[in-house]
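Before any comments, here is the structure.
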Amino acid sequence: KVKEEKEKKRKEREEQRKEGEETESDDEEDEEETKSEEEEDKTGGLGPLSEQLKVSQLWTTLGECLTELGSSSDTHAVLVLQPAVEAFFHVHGIDSTAEKTSSASRRGRNTSGSLDLLSESPAPLSVEPVDSVSSLSSGGQGSLPIFTSDMCPDTRKFITFAEQHRIVLNQILRQSTTPLSDGPFQVLVNHTRVLDFDVKRRYFRQELDKIEETNRREDIAIRVRREHVFEESFRELHRRSPEELKSRLYVIFEGEEGQDAGGLLREWYQIIAREIFNPHYALFTTTPGDKVTYVCNSFSHYNPNHLDYFKFVGRVIAKAIYDNKHLDCYFSRSFYKHILGQPISFKDMEHEDYAFYKSMMFLLEHDLVEAGLDNLDFTMEIEEFGVSETRELKPNGDNIAVTNSNKKEYVKLISQMKMTGSIRSQIKAFLDGFYDIIPKHLISIFSDNELELLISGLPTIDIEDLKANTEYHKFSVTSLQIQWFWRALRSFSQAERANFLQFVTGTSKVPLQGFSSLEGMNGVQKFQIHRDDRSTDRLPSAHTCFNQLDLPVYETYDKLRRNLLLAINECPEGFGLA
């Protein structure tokens, strides 16, 4: 009857239109009715399933039960409520299909990753670190949910639910035998932020296995001489198509009788990982911040084959991930973010070039005229082999003065030029090779810290060795907070210890000689714990160039452990350009 009545009204308006009597409000009414009918068609004339089922009280009770189970030492206890949790996702995830498709299409269109940042208009630059507990969720299980304007209420509801019960949800997913993309939790494929690293990695490998099952290929032999592994491997693999490179590789070292049953391939990956950073090829250089992690060499163009080599390196690293092999390769935060297609932040500059970072912070925090910095313009001086060149940060930049009102834009552009613009072609070549093997939408489920662990593996961190090579400032070995700190660190899992090491040093790489050889920006620099006498509502903060942790004087062990975990998992950076 409703449809008949609408049809009758439509016919009346059609007659009015013919007579020229239709008004602007009639047009709007037509448009609203069309949208309404489209929604009804999707739901069979009914509203969303979550509105049809009056079960809000059930979900509230479920949440309370999950909160209790989350504190249980029995990780299997949560399984008793798994059917109810699955029902929640069925009800509130079913109406997210359209958003899932839209999200996938947006990811598919964005293939150039963070390189696009250089063509975007400048965004505000935050100069206040996010180090307060009050700026995060009070639940202690993650930061506040991230919502977008196009999210429907059901999507917002299940994301909030997943954030609040993240620990329990991940426990269920670890024990589930159904692939994430096929089961009731498949909606989380587009919201992987709530998933722990091991759960993401399991889903990632399941998706790669699907690719492998649909493409049966012949093995590829790599014949190389040990003294020319890089060049000869390049010639062997450069001419291969992306599909061919997904085949199983087996290595033959010329003049040796060894048969590759997997061991020679692992050895080949180890040699290639060293050769990638060989100064002879001028492809990568160490960051000034720690002299351990690598970035693209802006002078690599003096090697005539540098772009082909970068594409080859991208393929090799992606192929190692594809083959589930770990490489002794550690890159800067900004380089990982390029791979993931994430925006580069100003905080990344602290790790790459601390002196430059401090100079930009001084510029942001002081009046330019009073500081004698009122002679700057939107250009940047670049020196190559003793020859200086001026590059504009924006069109007509040499005629645009830097003022207090536009200095944030200047800092954003000059930081992006140093971390992206000067090595744009190198990054693009690397990404072209990387995405030949692993699709961008699949690798982008990880964070930059997680990508490092995916490439290099979880390190073995000797807590006693770290403790023996730690310096204290305004603390002592017997301080209560220091005793709690080491107790908390010992209680961490290997993944959490790796996150901690990334948080305080910028990388999960453990020095070969142990923590007595830990590098800082000025050479060997032991791990330091500094007393932070400000509010105990603050989170611990770090200065990676000095391997330094600033630890507030927390009142209890539980508060110290909770805030330390919150900081290393949710606050790896505090200054944003996005």
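The values are calculated or read from the model by the stated rules, or taken from the named source; none is laboratory data. All of these numbers come straight from a predicted model, not from anything done at the bench. As a convention, Cβ positions derive from the backbone with ideal geometry for all residues, glycine included, and neighbour counts pool all protein chains shown. Areas reflect the complete protein model, heavy atoms only, side chains present, ligands, DNA and RNA absent. Shrake-Rupley method; radii C 1.70, N 1.55, O 1.52, S 1.80 Å.
General observations
- Matching option when the condition is open to solvent by 70 Å² or more (accessible area, probe 1.4 Å), without any contact (Cβ under 8 Å) to a residue 12 or more places away in the chain and out of contact with any strand residue (DSSP E or B) (no Cβ under 9 Å at 6 or more places or on another chain), among ARG239, ARG193: ARG239
- Remark: ILE423 matches the filter, which requires a residue to be surrounded by 19 or more Cβ atoms within 10 Å (Cβ to Cβ), within 30 Å of LEU373 (Cα to Cα) and in contact with a strand residue (DSSP E or B) (Cβ under 9 Å, 6 or more places away or on another chain).
- Residue count for segment 375-394, restricted to those that are under 22 Å from PHE346 (Cα atoms) and outside any strand (DSSP E or B): 4
- Test result for ASP374, at negative phi, surrounded by fewer than 23 Cβ atoms within 10 Å (Cβ to Cβ), free of Cβ contacts under 8 Å to residues at least 40 places away in the same chain and in contact with a Leu (Cβ under 9 Å, 6 or more places away or on another chain): yes
- PHE230 vs. criteria open to solvent by less than 40 Å² (accessible area, probe 1.4 Å), out of contact with any His (no Cβ under 7 Å at 6 or more places or on another chain), closer than 22 Å to ILE443 by Cβ and assigned to a helix (DSSP H, G or I): no
- Residues that are in contact (Cβ under 8 Å) with a residue 12 or more places away in the chain, within 33 Å of the chain's Cα centre (by Cα) and more than 16 Å from GLN270 (Cβ to Cβ), drawn from segment 220-235: ILE220, PHE234
- Scanning segment 325-352 for residues that are open to solvent by less than 40 Å² (accessible area, probe 1.4 Å) and acidic (Asp, Glu) returns ASP348, GLU350, GLU352.
- In segment 549-560, residue nearest to GLY506 (Cα to Cα) [restricted to those that are in contact with a helix residue (DSSP H, G or I) (Cβ under 7 Å, 6 or more places away or on another chain) and buried (at least 19 other Cβ atoms within 10 Å of the Cβ)]: LEU549
- Members of segment 473-497 that are open to solvent by less than 20 Å² (accessible area, probe 1.4 Å), within 19 Å of ASN569 (Cα to Cα) and either touching a helix residue (DSSP H, G or I) at 6+ places or on another chain (Cβ under 6 Å) or modelled with pLDDT of 95 or more (or both): PHE485, TRP486, ALA488, LEU489
- Yes/no for GLU267 being in a helix (DSSP H, G or I) and exposed (fewer than 14 other Cβ atoms within 10 Å of the Cβ): no
Yes or no, residue by residue, for (1) touching a residue at least 40 places away in the same chain (Cβ under 8 Å); (2) among the hydrophobic types (A, V, I, L, M, F, W, C); (3) part of a helix (DSSP H, G or I):
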residue: PRO459; (1), (2), (3): yes, no, no
residue: LEU466; (1), (2), (3): yes, yes, yes
residue: VAL477; (1), (2), (3): no, yes, no
residue: GLN481; (1), (2), (3): yes, no, yes
residue: TRP484; (1), (2), (3): yes, yes, yes
residue: PHE500; (1), (2), (3): yes, yes, yes
residue: SER508; (1), (2), (3): yes, no, no
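- Taken together, VAL199, VAL251 contain a single residue that is farther than 27 Å from ASP448 by Cα and surrounded by 15 or more Cβ atoms within 10 Å (Cβ to Cβ), which is VAL251.
- Within segment 366-377, considering residues that are under 10 Å from ASN404 (Cα atoms) and among the acidic types (Asp, Glu), the one farthest from the chain's Cα centre (by Cα): ASP374
- Yes/no for ILE344 being at pLDDT below 90 and in contact with a Leu (Cβ under 8 Å, 6 or more places away or on another chain): yes
- Residue count for segment 432-445, restricted to those that are open to solvent by 10 Å² or more (accessible area, probe 1.4 Å) and either at pLDDT below 90 or part of a helix (DSSP H, G or I) (or both): 5
- Remark: ASP398 falls outside the filter, which requires a residue to be of a type in the set (Asp, Glu), surrounded by fewer than 16 Cβ atoms within 10 Å (Cβ to Cβ) and not in a helix (DSSP H, G or I).
- The residues of segment 273-305 that are touching a Phe, Trp or Tyr at 6+ places or on another chain (Cβ under 8 Å), assigned to a helix (DSSP H, G or I) and over 24 Å from GLY457 (Cβ atoms), listed by number, are TYR281, SER300.
- Subset of segment 148-164 [at pLDDT 70 or above and assigned to a loop (DSSP other than H, G, I, E, B)]: CYS152
- Which numbered condition ASP462 misses (of (1) open to solvent by 40 Å² or more (accessible area, probe 1.4 Å); (2) more than 30 Å from ALA273 (Cα to Cα); (3) of a type outside the set (Gly, Ala, Ser)): (2)
- Taken over segment 498-522, the criterion of being open to solvent by 30 Å² or more (accessible area, probe 1.4 Å) and aliphatic (A, V, I, L, M) is satisfied by VAL510, LEU512, MET521.
- For CYS296, the criteria (1) touching a helix residue (DSSP H, G or I) at 6+ places or on another chain (Cβ under 7 Å); (2) modelled with pLDDT of 90 or more; (3) over 20 Å from ILE427 (Cβ atoms) hold in every case but one, which is (3).
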